[in-house]
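Report on the following structure.
The values are calculated or read from the model by the stated rules, or taken from the named source; none is laboratory data. In this text, all values refer to a predicted model and were calculated from it rather than measured experimentally. No Cβ is skipped: glycine too gets one built from the backbone with ideal geometry, and neighbour counts run over all protein chains shown. Surface areas here come from the heavy atoms of the whole protein model, side chains and all, with no ligands, DNA or RNA. Shrake-Rupley method; radii C 1.70, N 1.55, O 1.52, S 1.80 Å.
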Amino acid sequence: MRSRPRLTRQQILAFRRRVGALDERMPPGSESLRRAAWAGLQDSMPRAALLSLHARVEGVEPSTWEDPSLIQLWGPRYSTYVVPRPDFALFSLGRYPDTAKGRERAERIAAQLRAQLDGARAPDREVGRALGMNPNAFRYAAPTGTVAIRWDGARAPIMWTVAAPDADPADACRELARRYLHVFGPTTPESFARWAGISRRSAAAAFASLEASLLPVRTPLGEEWLLADDGPTVRAAEQAPAPARLLPSGDAYFLLDGRERELLVPRADQRQRLWTSRVWPGALLVEGEIRGTWRRAQNTVRIDAWARPSRAAREAVEAEAAALPLPGVVHVDVVWEP
């Protein structure tokens, strides 16, 4: 039996930064936006997806999250996501329930929404009142691929229904797993299940269907899987990391669970400051390593660095903060926490 190639922590993190365009921003354009959103962009914190795009693509403006090439939906774990418009089926139908009870609930709520909205768009609260339902229940219809939303972070989401995708749920789940492996790999079916909010059985089936295109590897966390096509990239020479990036709450680079967090942030006390029990702060990425956290209130960005940064690092972080494409904000004040 062929032994699994061993990958180091440094190789894995360098690979994830490279495929995530965090070492060097991509040029403006719809293709770059799609690559930046390859595994979706969580947008549960107002405009988090916009800041994730800014960390990866040149020329991002406050309205870029509304680019025609992108669309919002309730995606993995029923969180608000911005995804490439052509990939709407992957992030919705790819999470179609694998139990009769789950499918019945999803289809029933989807049918109620279609009948109530009848081609119109309306706030979820308004639809909830009309149907006598808690608007949070509408998220369960999202995996049917027939519910789209627009949420600007200030008011209730606007929702509408679309035609069901002409796709097989198993095929959609397989491609969603492929996206996850490319952005979060090396990884496991169990990690994919937690990220997507699907059953372990569905995740295992998706990985099994990809078996011919997977490369088994050994990492500091144990035996995991990588897309075989990504093998040369993960073993390639590391490129120079970006001086600084301000990653928003829920960014794909640190949207991790369990022991996966230990690989990214080895110290337990620092992990507690990044992955809090409440709303996560943003992550401060400096020269390829998470070096602290950040939060924003209006035009003030507060930086909590875990160690005293060099002068060059401070200047790089402040330059990143000044360039954030924040709606209505002309000047950003950076405050370094003691």
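Restricting attention to segment 23-48, which residues are in a loop (DSSP other than H, G, I, E, B) and surrounded by fewer than 24 Cβ atoms within 10 Å (Cβ to Cβ)?
Applying the first criterion (in a loop (DSSP other than H, G, I, E, B)) to segment 23-48 yields 23-25, 27-29, 37-40, 43-47.
Across segment 23-48, the qualifying residues are Asp23, Glu24, Arg25, Pro27, Pro28, Gly29, Trp38, Ser44, Met45, Pro46, Arg47.
All but one of (1) open to solvent by less than 40 Å² (accessible area, probe 1.4 Å); (2) in contact with a Gly (Cβ under 9 Å, 6 or more places away or on another chain) hold for Ile149; state the number of the condition that does not hold.
(2)
Search segment 115-136 for residues being in a helix (DSSP H, G or I) and within 23 Å of Gly197 (Cβ to Cβ), and hand back the single one that is most open to solvent (accessible area, probe 1.4 Å).
Step one: list which residues in segment 115-136 are in a helix (DSSP H, G or I), which gives 115-117, 124-131, 135-136.
Going one step further and asking which of them are within 23 Å of Gly197 (Cβ to Cβ), we end up with 124, 127-128, 135-136.
Numbers: Asp124: 15, Val127: 4, Gly128: 2, Pro135: 30, Asn136: 93 Å².
Of everything passing the filter in segment 115-136, Asn136 is most open to solvent (accessible area, probe 1.4 Å).
From Glu58, Glu104, grab the single residue that is among the acidic types (Asp, Glu), over 28 Å from Ser199 (Cβ atoms) and open to solvent by 50 Å² or more (accessible area, probe 1.4 Å).
On the way: Glu104 fails: over 28 Å from Ser199 (Cβ atoms).
Going through Glu58, Glu104 in turn, just one is among the acidic types (Asp, Glu), over 28 Å from Ser199 (Cβ atoms) and open to solvent by 50 Å² or more (accessible area, probe 1.4 Å): Glu58.
Looking at (1) open to solvent by less than 20 Å² (accessible area, probe 1.4 Å); (2) in contact (Cβ under 8 Å) with a residue 40 or more places away in the chain; (3) touching a strand residue (DSSP E or B) at 6+ places or on another chain (Cβ under 8 Å), which one does Arg139 not meet, given that it meets all the others?
That leaves (1) as the condition not met.
Could you list, in sequence order, all residues of segment 86-101 that are farther than 11 Å from Gly145 by Cα and either open to solvent by 60 Å² or more (accessible area, probe 1.4 Å) or hydroxyl-bearing (Ser, Thr, Tyr) (or both)?
Within segment 86-101, Pro86, Thr99, Ala100, Lys101 qualify.
Within segment 252-275, take every residue that is part of a loop (DSSP other than H, G, I, E, B) and under 12 Å from Pro220 (Cα atoms) and give me the one that is least open to solvent (accessible area, probe 1.4 Å).
So, considering only residues that are part of a loop (DSSP other than H, G, I, E, B) and under 12 Å from Pro220 (Cα atoms), the one least open to solvent (accessible area, probe 1.4 Å) is Pro266.
Looking at segment 74-91 only, could you name the residues that are assigned to a strand (DSSP E or B) and touching a Lys or Arg at 6+ places or on another chain (Cβ under 8 Å)?
Trp74, Pro84
Quick test for you: out of Pro216, Pro189, Pro220, Pro169, pick the one residue that is at pLDDT 95 or above, in contact with a Lys or Arg (Cβ under 9 Å, 6 or more places away or on another chain) and closer than 30 Å to Pro135 by Cα. Explain how you work it out, then say what you get.
Details: Pro216 fails: closer than 30 Å to Pro135 by Cα; Pro189 fails: closer than 30 Å to Pro135 by Cα; Pro220 fails: closer than 30 Å to Pro135 by Cα.
Residue meeting the stated conditions: Pro169.
I'm trying to understand the selection: among the residues of segment 304-320, which are of a type in the set (Gly, Ala, Ser), buried (at least 17 other Cβ atoms within 10 Å of the Cβ) and over 12 Å from Ala244 (Cα atoms)?
The one that is of a type in the set (Gly, Ala, Ser), buried (at least 17 other Cβ atoms within 10 Å of the Cβ) and over 12 Å from Ala244 (Cα atoms): Ala305.
Out of everything in segment 276-293 that is over 21 Å from Ala319 (Cα atoms) and β-branched (Val, Ile, Thr), what residue ends up being surrounded by the fewest Cβ atoms within 10 Å (Cβ to Cβ)?
Step one: filter segment 276-293 for residues over 21 Å from Ala319 (Cα atoms), giving 276-280.
Retained after the next criterion (residues that are β-branched (Val, Ile, Thr)): 276, 279.
Details: Thr276: 12, Val279: 10.
Once the filter is applied, the top-ranked residue is Val279.
Sort out which residues of segment 276-288 are in contact (Cβ under 8 Å) with a residue 12 or more places away in the chain and either more than 18 Å from the chain's Cα centre (by Cα) or assigned to a strand (DSSP E or B) (or both), and write them in order of number.
Taking segment 276-288 and keeping what is in contact (Cβ under 8 Å) with a residue 12 or more places away in the chain, we get 279-288.
Matches in segment 276-288: Gly282, Ala283, Leu284, Leu285, Val286, Glu287, Gly288.
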